[in-house]
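Worksheet for the structure shown next.
Please treat every number below as a calculation from the coordinates, not as lab data. Only a predicted model underlies this, so the values are computations on that prediction, with no experimental measurement involved. Glycine gets a Cβ as well: all are built from the backbone with ideal geometry, and neighbour counts include every protein chain shown.
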Amino acid sequence: MRPCSLAWFARHELRLAWRDGLFMMTAGGRRRLRGVVIGVVLFALFMHLVALLMLGPYAPLGGAPDRTVLVFVTAGALLAASAMLSQALESVTRAFYARADLDLILASPAALRRLFAVRIGAMVLQVSLMAALLAAPFVDVLALKGGVRWLGAYGVVAAMGCASVALAVALAAALFRLLGPRRTRLVAQVAAAVIGAAFVIGLQAAAILSYGSLSRFAVLRSQALSGRLPAPESPFWWPARAILGDPLALAAVLGASLLLLGAAIVFLAPRFARYAVAAASWAEGAPRRRRRRMGFRRGSPAQALRRKEWTLLRRDPWLLSQTLMQLLYLLPPGLLLWRSFADGAAVAVLVPVLIMAAGQLAGGLAWLAISGEDAPDLVATAPVLAGRVLRAKTEAVMAGIAVVFLPFVAAMTLVSRRDAVVAALGIAASAAAATAIQLWFRSQAKRSHFRRRQTSSRIATFAEAFSSIGWAGTGALAAAGTWLWPIAGLVALSILAFARLASPARLEQATPL
Amino acid sequence: MPADPPMTAAFALEIHGLAKRFDRPAVDGLELAVRAGEFYALLGPNGAGKTTSLRLVAGLLRPDAGSISVFGLDALADPVAAKRLMAWVSEEPMIYDRLTPLEYLEFIAGLWGVDAVTAEARARELLGWLGLEAAAEQRCDGFSKGMRQKVALAGALVHEPRLIILDEPLTGLDAAASRQVKTVLRERVRAGGTVLMTTHILEVAERMADRIGVIAGGRLIAEGTLEELRRQAGHSGSSLEDTFLALVGGEAAAA
């Protein structure tokens with residue numbers, strides 16, 4: 001293989017991606033691979049069972065699908081496309097700004113357009129593979145029950161991968177030209193978060209405003225939407241028809257997206273090197289001058305720690321996009337709350353949504369504050385007890401949660417005091433549980449590794465997710481007025497107890513020094 | 001806040017029988033005493049146990065055995081009181097990319113409980129000494145290694161520690177930055193502070209240190225002024241490099 005050729009770069013990228021993926025799955029432990037494979041197979045079987053129960057009755061659809069089917073399939077495709085475009089935009093931004101091996105490559109005499117063409121291709125592979133894995137149980141079940149024509153859905157996933165990466169590359173290039181390297185990263189991350197959530201939130205917002213419901217299906221089933229959409233023969237429905245097994249539609253969709261990707265590679269890959277250098281120049285150039293507020297503030301070491309955490313959380317660019325996504329999902333509940341003032345409708349439906357969001361947000365903040373300490377030695381050599389440091393960091397996280405969720409709870413109080421109390425207690429429990437899990441599973445990491453925090457401990461990741469679900473369920477049952485909520489609460493507490501028992505913090509305590 | 005130990009303590013640091021084992025012994029019965037107000041350089045080949053010893057003193061590791069006393073305070077029994085008197089500067093600067101140097105120093109002053117007004121005046125003075133006034137309100141993420149190390153050093157000095165422990169603070173610094181750091185450390189000793197520093201740059205130890213300790217295999221194998229070390233090595237009139245190699249080479253042969 002000729003060095004610096006497309007194939008040579010592709011082999012290099014594939015090798016890196018394979019090893020990176022393997023490390024993410026096994027966290028560096030080769031012996032864990034077998035366990036991971038067994039876990040993945042079991043999970044895949046479980047998901048296929050879920051898909052069978054959900055989609056079994058719809059498998060015979062196809063042939064000449066009616067308008068409702070086309071609307072629902074198109075909506076599903078748009079939902080996936082928005083998530084894929086969001087992921088692609090984040091990958092493209094990272095390719096510009098994350099240095100990794102870029103300095104080595106930029107300093108080499110290799111033809112950079114080839115490397116970046118390969119990197120764009122790698123992004124397509126990554127985005128498509130992720131979407132295909134998520135869609136696989138549903139596509140497989142439909143193919144099993146309704147015929148192989150459903151396998152065309154995989155082709156649509158690949159087409160969407162090509163199109164979303166091409167669009168993301170074009171969008172990032174346009175942002176670079178318009179805004180320059182300093183603002184592009186922030187704007188692209190915000191755009192990625194907004195695009196990822198836009199479709200779902202848009203549907204929910206429309207449902208709330210039109211039907212007073214959080215259900216997205218209300219809009220999709222409506223006559224109002226149906227009347228405004230193109231005729232069934234329109235190319236607008238080709239992706240849906242391709243998913244439903246129409247080979248011509250599939251060929252058209254694949255062809256169009258490959259053309260789009262080809263154009264992006266030919267026209268934009270050569271600019272990648274220029275943008276990467278510009279991004280590096282910005283990173284290494286004179287940092288922003290900040291307007292100085294008045295003198296040093298007084299306070300205890302705990303206050304100094306809390307202030308430091310809040311400042312760093314505020315300035316974390318990667319956290320911003322992650323948090324923004326979670327906050328965007330709070331928009332529909334906010335809208336429903338606003339509508340409830342007018343007609344006095346029950347807001348109990350909001351309780352689990354808020355509790356779930358609080359748990360997820362607290363988990364992220366807690367990881368950053370507790371594990372993502374960039375100067376652990378500095379804090380460890382300060383004359384402050386380790387317990388006090390952890391307490392201050394925990395307080396910083398809980399205060400952050402309070403700032404985000406207090407307005408919602410305050411607004412709920414005006415509609416239903418009971419629901420507001422349930423929501424407040426649930427938010428506190430869910431956030432405290434997620435923070436405790438992060439505390440028990442804390443490890444030393446750089447803040448910039450935030451995106452990979454889930455791979456540091458899968459037990460912690462699952463415990464955090466299930467704990468949030470458990471508390472959301474408890475809140476939902478309590479808000480609904482049933483007396484089943486203590487059972488759900490016990491389940492949530494059991495998840496927490498399990499996490500504690502499995503945590504390295506407990507194991508350390510149990511081991512004699 | 002408990003009162004600091006008296007300024008008259010003869011030793012800034014006393015270490016007895018210190019031991020720490022990882023997969024092999026890193027520190028093996030170390031005996032070391034650093035006098036108050038002296039500049040002490042700790043030398044040793046790679047893997048000799050220098051950094052581990054300093055991390056044990058700074059409270060970043062728990063020893064398996066031995067005692068550490070800082071100005072007469074038992075650092076293992078009351079680590080918080082001992083830490084109040086010390087500052088630790090590692091080879092890799094411990095700073096936050098998204099804080100400005102002034103914000104960083106404000107944070108450290110807060111951790112060490114320094115009065116805000118005093119701390120700010122001291123912070124500005126330190127940044128001035130280190131030539132960082134122009135960068136005082138810029139975030140650290142674009143700083144060079146030298147600038148980052150100077151910010152870390154300012155952080156170590158902002159709470160006026162009586163003992164500063166530095167692990168290879170000059171590695172990777174250019175001549176100008178290195179001179180600034182050395183000047184600040186020398187000033188600190190002149191003002192009555194104590195400096196304990198590891199370095200691979202023998203010329204720095206030769207020129208700056210009042211006493212030099214040589215560590216190998218986790219134990220102190222020689223100690224004294226440069227002249228005393230030369231005598232111990234039997235290389236009268238030779239350079240520190242020759243003396244060091246003779247001492248370490250002899251130890252390696254004995255091992």
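Take each residue of peptide A:248-256, count the partner chain Cβ atoms within 10 Å of its Cβ, and average: the result is 0. Taking amide hydrogens as placed 1.01 Å from N in the peptide plane, the amide H of B:Arg35 sits under 5 Å from those of B:Ala12, each at least 5 positions away in sequence or on another chain. Here the contact order of chain B, divided by its residue count and restricted to Cα pairs under 8 Å and six or more residues apart, works out to 25 percent. Peptide packing: for A:370-378, A:141-149, the average count of neighbouring Cβ atoms within 10 Å per residue gives the ranking A:370-378, A:141-149, highest mean first. Summarising the amide proton neighbourhood of B:Val89: residues at separation of 5 or more, or on other chains, whose placed amide H is nearer than 5 Å comprise B:Ile165, B:Leu166, B:Asp167. One quarter of the convex hull surface built on the alpha carbon atoms of chain B amounts to 13.8 nm², the projected area averaged over directions. By the beta-carbon count within 10 Å of each Cβ, the least crowded to most crowded order of B:Glu160, B:Glu133, fewest first, is B:Glu133, B:Glu160. What FRET efficiency do you get for A:Leu414 and B:Ala10 if R0 is 60 Å and r is their Cβ-Cβ distance, rounded to the nearest 0.05? My answer for the efficiency is 0.30.
Look at the stretch B:89-98: the mean tally of other chain Cβ atoms within 10 Å of its residues' Cβ atoms is 5.
When you filter the trypsin sites (Lys or Arg not before Pro) in the stretch A:411-450 for DSSP loop state and at most 16 other Cβ atoms inside 10 Å of their Cβ, you are left with A:Lys446.
Whole-Hz Karplus values for the stretch A:247-263 come out as x, 5, 4, 4, 4, 5, 5, 5, x, 5, 6, 5, 4, 4, 5, x, 4 Hz, taken residue by residue from phi with 6.51 cos²θ - 1.76 cosθ + 1.60 and θ = phi - 60°; glycine and proline positions read x. Decide, for the stretch A:351-419, between rounded, prolate and oblate: order the square roots of the alpha carbon gyration tensor eigenvalues as a ≥ b ≥ c, take rounded if a/c falls under 1.5, and otherwise choose prolate if a/b is larger than b/c, else oblate. Prolate is the answer for the stretch A:351-419, as a/c is 1.5 or above and a/b outweighs b/c. Across peptide A:372-379, the average count of Cβ atoms from other chains found within 10 Å of a residue's Cβ is 6. Derived scalar couplings between HN and Hα for the stretch B:185-200 equal 5, 4, 4, 4, 5, 4, 7, x, x, 10, 10, 10, 9, 9, 7, 9 Hz in order, rounded to whole Hz, by the Karplus curve 6.51 cos²θ - 1.76 cosθ + 1.60 (θ = phi - 60°), x for Gly and Pro. Taking a straight Cα-Cα cut-off under 28 Å and skipping sequence neighbours fewer than 8 places away in the same chain, the lysines within cross-link reach of B:Lys83 are A:Lys308, A:Lys393, A:Lys446, B:Lys20, B:Lys50, B:Lys145, B:Lys150, B:Lys182.
Only Lys, Arg, Asp and Glu carry charge here, each on its Cβ (+1 for the first two, -1 for the last two); on that basis chain B has a dipole of about 60 debye about its Cα centre.
Per-residue ellipticity at 222 nm computed for chain B from its helices equals -11500 deg cm²/dmol, with DSSP H segments shorter than 4 residues left out and the rest contributing -39,500 (n - 2.57).
Considering only B:Ser144, B:Leu202, B:Ala156, the residue lying farthest towards the positive end of the dipole of the stretch B:131-206 is B:Ala156, judged by Cα position with unit charges set on Cβ. When you restrict to C-alpha pairs under 8 Å that are six or more residues apart and normalise by the size of the stretch B:71-186, the relative contact order lands at 38 percent.
Placing a label point 7 Å from the Cα of A:Arg500 along the Cα-to-Cβ line, the residues of the stretch A:397-431 whose backbone N sits under 18 Å from it are A:428-431.
Taking Cα centre as origin and charging only the Cβ of basic (Lys, Arg, +1) and acidic (Asp, Glu, -1) residues, the dipole magnitude of the stretch B:104-247 rounds to 120 debye. What the phi angles of the stretch A:124-130 give under the Karplus curve with 6.51, -1.76 and 1.60, with θ = phi - 60°, is a coupling list of 4, 4, 5, 5, 5, 5, 4 Hz, glycine and proline written as x.
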